[in-house]
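Contents: one structure, followed by commentary.
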Amino acid sequence: MGDPLQELASLEAAVNEHTKVPSLEAHHALYDVEREVAESIARAAQCTATVDLVVGARAHHEAMTRALAEAKQQVVLACPWVNRLALDEVRDQIEGAVASGVLVCLLWGMQRGDSLDEETKRFLGRLAQHPSGGRMVAAERPAVSHAKVIACDHDWLIVSSCNFLNSGPDRTTDEVGVRLTSPPPRVEADPNDQRTAPSHPISEILRWVRDIMPDFRLRARIIDSPALLGMSERSQRAPTVDTILPPRLDLNDQMRQLSTKLWSREWRQRVAQLRRQLEAARPVAIPVRDVEHRELFLYALEHAERRLHLESPDVAAAGLSAPVVDALKRARARGVDVRLRYQKREIAGEEGDARWRSLAEAGVGLTTADTHAKLLVCDDWAVVGSFNFLSFAGRGRGELGVRIFDAELAGLLSTRFAST
């Protein structure tokens, strides 16, 4: 999905330009742009969710415990590393969920050579089948994913930076995730509208998790459709709008001026109407997958207008290449508040030091912190998830984040950079 804010701004610019010289060609050009923007906003409206921040290791462990206690049918746990001691923290809760008939699905492993320890394998083996019908399943092979997900049925899920099965709840290093809670749309579709209905963000994320499961037999067990969990999956389409008639250029001067004035006013009203629809849809939560994170980072570098804040535990040449450094300095030069928050810098040598000094000299804020969070804040939207924006180029493993269009949440995340 594109950027509905940017697309709406493009439509507004097109209206301002084309209404200066009314013509049938201008009218049709505006309609082409308007339809694309209307569909983009309708898709965004389908991704509306209640969004809450989950901060710190303890909050993530409490959420995992809650998911295991609340789930009626399935819990999905995706974590690249599984530590036996961390698993012991929730052993009783996992056994309780399985005993109540819940499917607990584990995705693990970031690299192809990763493996589970023998004690974890024995634990999984004991829970592979239960008289209640519940079970805990995990593929024998790694998922080759860096994503961290906790999902409770289709009711809510968390996408995060926290390796909740590799560390305990007392870990003090910063972790940030987002919890999405939203019932699927329940508004009847327009029977005359044949456009494909967009998917709910929780469905999209569960579908992505299912697709990266390396065992096709276990993949089929992951439920990504709310309908299979007894919930409505009806979708709301783009609202129908009145047709804007083209300007009448074949009339006398007075009537032609009146017609073009009304035509221009209707197009400006349409832009205002679309803006109200987008505002009503917020907060919008759009899943971000794999290399899409890098693409959004590069997009933000060129399009940020007020702020561009990045948080990532490591800074390395793969993420902060020379072209990226130049783009950060260009953003700062056009007045953008650019800040980086990180734990350690791996760019070494004379060239790396010079690159780093050039950022400081350009006015880019640089702050070290005990952090494992992965954040991108650009103006009034943000991305939260597993992707290391400052150290990873984006290919070779699964990554998952959520892009949130919400000025209040973006502002809240930006307070983490206030000391820069």
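We did not get these values from a lab; they are worked out from the coordinates using the rules stated. Since the structure is predicted, the reported quantities are computational estimates derived from the model, not experimental observations. Heads up, the Cβs are rebuilt from the backbone with ideal geometry, glycines too, and the neighbour counts pull from every protein chain shown.
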Quick one: angle between helix 4-18 and the longest Cα principal axis of the chain, in degrees between 0 and 90, rounded to 10, please.
-> 10
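Sum up the lysine pairs in the chain that clear both bars: alpha-carbon distance under 24 Å and a spacing of 8 or more or different chains.
Pairs that pass both the separation and distance tests number 8.
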The FRET efficiency for E17 and T415, from their Cβ-Cβ distance with R0 = 56 Å and rounded to 0.05, is 0.90
Roughly what angle does helix 292-303 make with the longest principal axis of the chain, taking Cα atoms, 0 to 90 degrees, to the nearest 10?
-> 40
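Using the Cα centre as the reference, give the magnitude of the dipole from point charges on the C-beta atoms of the chain (Lys, Arg: +1; Asp, Glu: -1; all else neutral), rounded to the nearest 20 debye.
180
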In the chain, with Lys and Arg counted as +1 and Asp and Glu as -1 at Cβ, which of these residues, L328, F405, C105, has the Cα nearest the positive end of the dipole, that is, farthest along it?
-> C105
Once Lys and Arg are counted +1 and Asp and Glu -1 for all other residues with Cβ under 13 Å from that of E7, the total becomes -3
State log₁₀ I(q)/I(0) for region 290-417 at q = 0.19 Å⁻¹ as given by the Debye formula over alpha-carbon point scatterers of equal weight, solvent excluded.
-> -1.05
Using DSSP to define loop residues, name the GluC sites (Glu not before Pro) in region 327-411 whose beta-carbon has at most 15 other beta-carbon atoms within 10 Å.
-> E346
Among S40, Q74, T367, whose Cα sits farthest toward the positive end of the charge dipole of the chain (+1 at Cβ of Lys/Arg, -1 at Cβ of Asp/Glu, about the Cα centre)?
-> Q74
Correct choice for volume of the Cα convex hull per residue in Å³ that was computed from the model, options (1) 152; (2) 164; (3) 136 = (1)
To the nearest whole percent, what portion of all C-alpha pairs in region 6-47 is separated by more than 15 angstrom?
-> 42
Rh by Kirkwood over Cα pairs, then Stokes-Einstein D for region 1-77 at 1.567 mPa s and 4 °C, µm²/s | 79
Taking every other residue with Cβ under 11 Å from the Cβ of H61 and scoring Lys and Arg +1, Asp and Glu -1, one gets -1
Any chance you could run the full-extension gain for E62 through R126? It's 0.36 nm times the residue separation minus the Cα-Cα distance, nm to one decimal.
-> 20.6 nm
Could you give the size of the charge dipole of region 290-417 about its Cα centre, using +1 on the Cβ of each K and R and -1 on the Cβ of each D and E, expressed in debye and rounded to the nearest 20?
-> 180
Please report the base-10 log of the normalised intensity I(q)/I(0) for region 61-147, using a Debye sum with one equal scatterer per alpha carbon and no solvent, at each q in 0.14, 0.24, 0.26 (1/Å).
-> -0.44, -1.27, -1.42
Counting Lys +1, Arg +1, Asp -1, Glu -1, what net charge surrounds R221 among other residues with beta carbon under 12 Å of its beta carbon?
-> +2
Measure nothing but the geometry: give the 0 to 90° angle between the long axis through the Cα atoms of 57-70 and the longest principal axis through the Cα atoms of the chain, rounded to 10°.
-> 90
Would you calculate the volume per residue, in Å³, of the smallest convex hull containing every Cα atom of region 124-188?
-> 171
Here region 125-135 yields Karplus 3J(HN,Hα) values (6.51, -1.76, 1.60; θ = phi - 60°; whole Hz; Gly and Pro given as x) of x, 5, 9, 5, 8, 9, x, 6, x, x, 6
Qualifying trypsin sites (Lys or Arg not before Pro) for region 22-103 [loop in DSSP, other Cβ within 10 Å: at most 16] = K72
Sparsely packed trypsin sites (Lys or Arg not before Pro) within region 358-420, loop by DSSP, other Cβ within 10 Å at most 12 = R395
